[in-house]
């Protein structure tokens, strides 16, 4: 099992999330670190709860509702583009109006 990155705890923002590779190849190792074995031995649940609390507080302090609404708009727009990729309909955001 790969250890959780040792240097990532150095910054305050980094204490609010665990970086995962874009291809999710290290996701199992990170989950196994926090969950431990099937019977719960070797788990780091307290550390996981602290990370979750820290991330929640960071989001409440740094994200505005407008930012979250814009992000969700982009997610739904991208989802629509992916769902309709076999059609001739072009789904893009046009801010020219």
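What follows is calculated from the coordinates using simple rules that are stated; it is not laboratory data. For clarity, every value in this text was computed on a predicted model and none was experimentally measured. Cβ placement follows ideal geometry from the backbone for every residue including glycine, while neighbour counts extend to all protein chains displayed.
A few points about this structure:
- A simple spin-label model places pseudo-atoms 7 Å from Cα toward Cβ; at residue 68 and residue 52 they are separated by 1.7 nm.
- Fewest-first ranking of 68, 60, using other Cβ atoms within 10 Å as the exposure measure: 60, 68
- At an R0 of 25 angstrom, the distance between the Cβ atoms of residue 17 and residue 82 translates into a FRET efficiency of 0.50.
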